[in-house]
1. Which condition breaks for Gly202 when tested against (1) in a loop (DSSP other than H, G, I, E, B); (2) open to solvent by 10 Å² or more (accessible area, probe 1.4 Å)?
2. Taking strands (runs of 3 or more DSSP E) that do not extend beyond segment 227-297, which have at least 3 residues that are closer than 17 Å to Thr309 by Cβ?
3. Sort out which residues of segment 9-33 are at pLDDT 75 or above and assigned to a loop (DSSP other than H, G, I, E, B), and write them in order of number.
4. So, of the residues in segment 339-360 that are part of a loop (DSSP other than H, G, I, E, B) and either in contact (Cβ under 8 Å) with a residue 60 or more places away in the chain or touching a strand residue (DSSP E or B) at 6+ places or on another chain (Cβ under 7 Å) (or both), which turns out to be farthest from Gly43 (Cα to Cα)?
5. Report yes if Val291 is touching a residue at least 24 places away in the same chain (Cβ under 8 Å) and open to solvent by less than 10 Å² (accessible area, probe 1.4 Å), otherwise no.
6. When you check Ala252 against the structure, is it surrounded by 15 or more Cβ atoms within 10 Å (Cβ to Cβ), in contact (Cβ under 8 Å) with a residue 60 or more places away in the chain and either under 23 Å from Gly313 (Cβ atoms) or not β-branched (Val, Ile, Thr) (or both), yes or no?
7. Check off (1) at pLDDT 95 or above; (2) small (Gly, Ala, Ser); (3) open to solvent by less than 10 Å² (accessible area, probe 1.4 Å) for Gly36 and give me the number that stays unchecked.
8. Determine, yes or no, whether Arg284 is out of contact with any Cys (no Cβ under 7 Å at 6 or more places or on another chain) and surrounded by 15 or more Cβ atoms within 10 Å (Cβ to Cβ).
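The values are calculated or read from the model by the stated rules, or taken from the named source; none is laboratory data. As the structure is a computational prediction, the values presented were derived from the model and not from experiment. Cβ: placed from backbone, ideal geometry, glycine included. Neighbour counts: every protein chain shown. All accessible areas refer to the heavy atoms of the entire protein, side chains included, with ligands and DNA or RNA removed. Shrake-Rupley method; radii C 1.70, N 1.55, O 1.52, S 1.80 Å.
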Amino acid sequence: RAPKTTPGARAARQRIEQLEAIGYASGTTEAGGASGVTRFERGGAWPGVNLLVSAHDAEALLLDMHGEVLHRWRMRFEDAFPGHRRSDQGHHFRKVWLLEDGGLLVVFEGLGVCRIDVDSNLVWAAANGAHHDVRAVGDRAHVLTRAIVTTADESDGLPIFEDAVSVLDLATGEELRRISILRAFRDSPFAYLYIEGASAYGDLLHTNSLEVLDGSAAEVDPALREGAWLVSVSVHDVVAVIDPDTERFGWAHVARFAKQHDARILDGRTLLLVDNYAPGGGSRVVEYDLVTRDVVWSYGGNPKEPFDTPCCGTAQRLPNGKTLVSETELGREIEVKRSGRLVWEWVNPQRAGGDGEWIARVFEMARVPRSFVAGWLDARGAGEESAASEQDDASEGDDASPRGR
């Protein structure tokens, strides 16, 4: 006879099921209308190639500026993590990071991270609860991870997500270090920014972006030193820096943004992020001066072309001063000038849903210098005609960092 289940155990099991179900729908916007590149101001858009992660399948695509596929990486969750339960989030990639040899680091949301080579062969896989963001710096991979834990002082003793930054050996995937973001927050001088009860279902932080700082902003604040970790904690509307030595928040920024995504520091002077719930409605991309904390630029669309991404969203400052923006739920990418004028627009032609009724969500499109991919891409005979076409279109130099960050 099966043992009796106590109310506490049932509540804990229900909470775990709720946590395991957290993820992202493949699409929410009805398909229809134009797709692909729908606007292209030649000489205005910054030339390069576009690394796409969308919710249509377990793959990433490299596209030219005209939307043509130059390369495709594929990896089924079942092949990377044999024997592990997939969940709906294993159907598609959530985040990738492009390596110099053409390989990728791939995050399956809430499940794990793997490394594949340029031909989509598996190098290693780590079932570590990776989610939202990953990046490589030197011989290390840095990834947001989470685990379901039970603590006496959080959420009435029910299971919660404990977010962490995990540092992996890039060659093997071995975990070298894991620092709890929850403890880094609660044990820091910025613990007063932690809002008790802000999450009713155990996802206490929902950390959604990670950047390893290059030290360019250290003159603004020593906490912004090289090697520190900038994280976006969306439940509490906080962007903060974790000192890996003290394992505590050493710097934090709060302003009139809500449920923000993709926080990053630009040239040591400003902070750029996607404000998903902007004051007055809709969404915006907003840039803050690191010294004064004032808004120095923002883009929120206009009545004719609104900008609204309640879920996710990314913003990448390009070398020409324009910004590449992902409007996730609409499956839309735009390159926008500081004046707010669009010079490039792309709508995802990929579909989601059982009958292809939805535009597949775009989690990110990153503009990459063609010089960064030319070696392995041209060796495969891919994109040479496209490269010539893009050179004709170009008016700016090709001198960005590998990920345009």
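1. Only one criterion is unmet by Gly202, namely (2).
2. Details: elements: 229-233, 238-243, 248-253, 261-266, 270-275, 284-289.
Per the criteria, 261-266, 270-275, 284-289.
3. The first filter runs over segment 9-33 and keeps only residues at pLDDT 75 or above, leaving 23-33.
Hits for segment 9-33 are Gly23, Tyr24, Ala25, Ser26, Gly27, Thr28, Ala31, Gly32, Gly33.
4. To start, the set of residues in segment 339-360 that are part of a loop (DSSP other than H, G, I, E, B) comprises 339-341, 348-350, 353-357, 360.
Applying the additional criterion that residues be either in contact (Cβ under 8 Å) with a residue 60 or more places away in the chain or touching a strand residue (DSSP E or B) at 6+ places or on another chain (Cβ under 7 Å) (or both) yields 340, 348-350, 353, 356-357, 360.
Numbers: Gly340: 17, Asn348: 23, Pro349: 24, Gln350: 27, Gly353: 37, Gly356: 35, Glu357: 35, Ala360: 29 Å.
If we take residues in segment 339-360 being part of a loop (DSSP other than H, G, I, E, B) and either in contact (Cβ under 8 Å) with a residue 60 or more places away in the chain or touching a strand residue (DSSP E or B) at 6+ places or on another chain (Cβ under 7 Å) (or both), then Gly353 is farthest from Gly43 (Cα to Cα).
5. Details: touching a residue at least 24 places away in the same chain (Cβ under 8 Å): yes; open to solvent by less than 10 Å² (accessible area, probe 1.4 Å): no.
Against the criterion (touching a residue at least 24 places away in the same chain (Cβ under 8 Å) and open to solvent by less than 10 Å² (accessible area, probe 1.4 Å)), Val291 does not qualify.
6. In short, yes.
7. Checking Gly36 against (1) at pLDDT 95 or above; (2) small (Gly, Ala, Ser); (3) open to solvent by less than 10 Å² (accessible area, probe 1.4 Å), the one that fails is (3).
8. When the stated conditions are applied, Arg284 passes them.
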